[in-house]
Amino acid sequence: MKAPQDTPRLLLTETLAWFSGIAYVVLLYVVALNNGRELTGTRLVLAALPSVLLLPLVLRRPLPALVLLLTVSFAATVRADSVMAAGQGVMGSIPPAGTQAWQIAYLQAVLTDLTVGWIAATRSRLTAAIASMVALGVQIGGASYYREGSSSFLAASAFLALTMVTAWTVGYSVRERRQHAADLRARAAEQAVTAERLRIARELHDMVAHSIGVIAIQAGVGRRVIDTQPSEARNALAAIEDTSRDTLAGLRRMLGALRQADSRDGAPLGPAPVLADLDGLVERTRDAGVRVDIEWRGERRALPAEIELSGYRIIQEAVTNVVRHSGANACRVTINCGEGDLSIEITDDGRGLSGLPGAAGYGLTGMRERAALLHGEFTAGPRSEGGFRVAARLPVPVVAAVR
């Protein structure tokens, strides 16, 4: 859906395209049909130049442009034939090849073939086939006005049919290649999302395994000391309550959207990283030649494990993109622990999107997927002052935010 402020601009562009097409018709008549001489040398160039005016209309409205082009082409051929015949004193006779009618017709045929090729590249196969057949019929009809004899007419018709088929085939091939490339990109993006979800599932598995391990240990401690040390038993039960509440909240938000990972492809054995581990990331990035400045805002407090993990991974991926693609020697990470959310922003002064492969990169897809799975928001794009900006907002559950 187009924004309201874009409507006047689109209307102006549409109007200029149509005026440009009409100007082409007028200039063709003035330059070509009022010349009275054969179109050779400079006169032929002047007759071909107005065709540039038809380009905006062809790009925006190729089908109406083709109709206009065919109408003008047929009329110009007939008119040129009449002018040349009158000049020879044989009004209504068919001029031989080499007259102005022949030159105008073939010049228009080239423009028509290019337009049909564009239609074949941008419209459906049925639409392109109908357009090519109509255009070929008009061209063959015009050929009778500048070709003398059945053999000359048949040769001209065969040539026009060959060029039309070539233009349609080239345009259709371009359309097929573009569609194939779009399918490959969509498939690659889908595979990237699937791979990212499986990776998140493995990391979540580690978090759940760690939490269940803590619960088991605390439950064992509480069972052993409940009679002799009630206070220690209460502490163990409190730890079990906190751990299980955090884990269950994360499971409710994430597991429903994740596919089960194959247990045979080994998940990492170490604990899931959290925001407190960013110091190690800063040191590793500094060794790679990029300085990372981290600014903490708000009250630093413990967050649910899935929020900590996703926040760390988003920062890690964004900083990795800075190191690999931006060409910047420094970046800034801002972490704001608000009352109900965790806001993250990573900015740099590098090359922006021009340094990322595939214009967007699968790293951005993974970061967006992480934020979406937590019902958060994610944005990434070039900054007006230069460089690139990645921002994410991850909502913190009410229970975790209040505690």
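Miscellaneous remarks
- Every pair of residues 6+ apart whose Cβ atoms lie under 8 Å, when the first sits in the range 1-25 and is closer than 30 Å to Q108 by Cα while the second is at pLDDT below 75 and assigned to a helix (DSSP H, G or I): S20/L53; G21/L53; A23/P50; A23/L53; Y24/P50; Y24/S51; Y24/L53
- Extreme residue, nearest to A392 (Cα to Cα), among residues of the range 282-305 that are modelled with pLDDT under 85 and surrounded by 18 or more Cβ atoms within 10 Å (Cβ to Cβ): A305
- Just one of (1) under 19 Å from L69 (Cβ atoms); (2) modelled with pLDDT under 85 fails for E148. It is (1).
- Look at (1) under 30 Å from G363 (Cα atoms); (2) at pLDDT below 80 and you find that V214 fails only one, number (1).
- Positions within the range 176-209 being of a type in the set (K, R), surrounded by 11 or more Cβ atoms within 10 Å (Cβ to Cβ) and modelled with pLDDT of 80 or more, in sequence order: R177, R178, R185
- Qualifying residue in the range 314-322 (condition: outside any helix (DSSP H, G or I) and either of a type in the set (D, E, K, R) or not assigned by TED's automatic domain parsing to the domain that holds R370 (or both)): no
- Note on the range 306-350: among residues that are among the hydroxyl-bearing types (S, T, Y), buried (at least 19 other Cβ atoms within 10 Å of the Cβ) and touching a strand residue (DSSP E or B) at 6+ places or on another chain (Cβ under 9 Å), the one that is nearest to E385 (Cα to Cα) is T347.
- If you go through the range 230-281 and pick out every residue that is farther than 27 Å from Q218 by Cβ and at pLDDT 60 or above, you end up with 4.
Residue-wise test of (1) over 40 Å from the mean Cα position of the chain (by Cα); (2) in the same structural domain as Q139 (by TED's automatic domain parsing); (3) surrounded by fewer than 16 Cβ atoms within 10 Å (Cβ to Cβ); (4) modelled with pLDDT of 75 or more.
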| residue | (1), (2), (3), (4) |
| --- | --- |
| G21 | no, yes, no, no |
| Y24 | no, yes, no, no |
| A32 | yes, yes, no, no |
| E38 | yes, yes, yes, no |
| T42 | yes, yes, yes, no |
| S51 | no, yes, no, no |
| R61 | no, yes, no, yes |
| A65 | no, yes, no, yes |
| L68 | no, yes, no, yes |
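The values are calculated or read from the model by the stated rules, or taken from the named source; none is laboratory data. Not measured: the values here are computed from a predicted model. A quick note on method: Cβ atoms are made from the backbone with ideal geometry, for glycine too, and the neighbour counts reach across all protein chains shown.
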